[in-house]
Amino acid sequence: MASSRIQATARQLSKTFKKKTRFEIGIGTDLPPAYKKFWREWKILKPAAVHYVPQESKWKRDELTGETLPIQNIPIPLKYPSEIHEGIWGGEAVVKGFQKRDPRRRRVPHYWVPVLKRTVVKSEILNTNLSVTVTDRTIKLINDHYGFDHYLLKTPACDLVSMLALKLKKQILIELMNGCPRYEHDPAKQKEIYNEYKTYLSSYTPEEIEWYGLTWYEALSKVAKMKEAANKPVPLKSVYRKNLVEKLRAANKESDNSPADDISTTTSWLSKMNPFGKKDEA
């Protein structure tokens, strides 16, 4: 009886106390709101449906039985290999499931991998051509957005997924923030490119652009370096040297301000104490 009460109390307490997030533990508490905004866009925001067709309504009627059933848009679990960060897959990933190849045999595990191809894309803001690994959906999205730069700037981080796309997006935002310096040789073209893409800067502040596209460990390393630079210890020899220089400067100022009579008196007194000096003739 007592054990059941203890279990019930534990369950109630577990509902009362909220589990701490990664931003509430350790050095993660020092991360700025700019990085938290990027993290929500990258990891928490729900990505667009790619491998299934979502239904907008909440209920549907079975045509055979006439029964009303709820609609459940459950995303298909995806696998993200490390190679995804070396290209831009347009939201596609590896799907793990089962395949029944023979009706008389049991189903077997199967992986559906997107078809990858190597192509060249043009970035107007960076003024360069990039050779990247893409899928057919990536090419379609680039064409739908009328350019590679528009595709990266309009697509949220949860749909880009790959670190290559996020790093390129950050570099493009930095170029826009600096006024497209790669077109300094052609001011007319520079103004045209900047006016075409400057609307995207309204969604980001300079601090948010600085923290955009960083992984969790890169962000922690950046915070650690900033704290180390702010709390860098000063060697004692530097402190003592600074104090000595200040004392010497103060002593020189006092000697410069002392009257000439005091200097002559001090000089005559020193001459009397010097046994090798010339004595005054009587």
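The values are calculated or read from the model by the stated rules, or taken from the named source; none is laboratory data. From a predicted model like this one, the values you see are computed outputs, not experimental measurements. Glycine also receives a Cβ, built like all others from the backbone with ideal geometry; neighbour counts cover every protein chain displayed. Note: areas computed on protein heavy atoms with side chains; ligands, DNA, RNA excluded. Shrake-Rupley method; radii C 1.70, N 1.55, O 1.52, S 1.80 Å.
In this structure, is LEU201 under 19 Å from ASN127 (Cβ atoms), free of Cβ contacts under 8 Å to residues at least 60 places away in the same chain and buried (at least 18 other Cβ atoms within 10 Å of the Cβ)? When the stated conditions are applied, LEU201 does not pass them.
Against the numbered list (1) modelled with pLDDT under 55; (2) open to solvent by less than 100 Å² (accessible area, probe 1.4 Å), ALA250 comes up short only at (1). The number of residues in the range 159-174 that are under 12 Å from VAL132 (Cβ atoms) and open to solvent by less than 10 Å² (accessible area, probe 1.4 Å) comes to 2.
I need the full set of residues from the range 148-158 which are open to solvent by less than 20 Å² (accessible area, probe 1.4 Å) and within 11 Å of TYR197 (Cβ to Cβ), in order please.
Answer for the range 148-158, where residues must be open to solvent by less than 20 Å² (accessible area, probe 1.4 Å) and within 11 Å of TYR197 (Cβ to Cβ): ASP149, LEU152, LEU153.
MET177 meets the conditions (1) in contact (Cβ under 8 Å) with a residue 60 or more places away in the chain; (2) closer than 23 Å to PHE38 by Cβ in every case but one. The failed one is (1). For first residues located in the range 68-91 and more than 29 Å from SER57 (Cα to Cα), partners that are surrounded by 12 or more Cβ atoms within 10 Å (Cβ to Cβ) and among the small types (Gly, Ala, Ser) and lie 6+ apart or on another chain with Cβ distances below 6 Å form the pairs TYR80/ALA93; ILE84/SER162; HIS85/SER162; ILE88/SER162; ILE88/ALA165. Do we find a residue being under 17 Å from the mean Cα position of the chain (by Cα) and within 28 Å of THR135 (Cα to Cα) anywhere in the range 175-193? Yes: one or more hits.
In this structure, ARG101 qualifies as out of contact with any Leu (no Cβ under 9 Å at 6 or more places or on another chain) and either open to solvent by 100 Å² or more (accessible area, probe 1.4 Å) or not basic (Lys, Arg) (or both).
Quick check on LYS189: is it open to solvent by 20 Å² or more (accessible area, probe 1.4 Å), under 22 Å from TRP211 (Cβ atoms) and in a helix (DSSP H, G or I)?
On the way: open to solvent by 20 Å² or more (accessible area, probe 1.4 Å): yes; under 22 Å from TRP211 (Cβ atoms): no; in a helix (DSSP H, G or I): yes.
No, not satisfied.
Return yes when THR65 is at pLDDT below 90, over 30 Å from VAL95 (Cβ atoms) and either in contact with a Leu (Cβ under 8 Å, 6 or more places away or on another chain) or not basic (Lys, Arg) (or both) and no when it is not. Yes, satisfied.
From the list LEU69, LEU64, the one residue that fits, being loosely packed, with under 12 Cβ neighbours inside 10 Å, assigned to a loop (DSSP other than H, G, I, E, B) and not polar (S, T, N, Q), is LEU64.
Residue by residue, here is whether (1) surrounded by 15 or more Cβ atoms within 10 Å (Cβ to Cβ); (2) more than 26 Å from the chain's Cα centre (by Cα); (3) farther than 25 Å from TYR194 by Cα holds:
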site	(1), (2), (3)
ALA93	yes, no, yes
LYS96	no, yes, yes
VAL113	no, yes, yes
ARG118	no, yes, yes
ASN143	no, yes, no
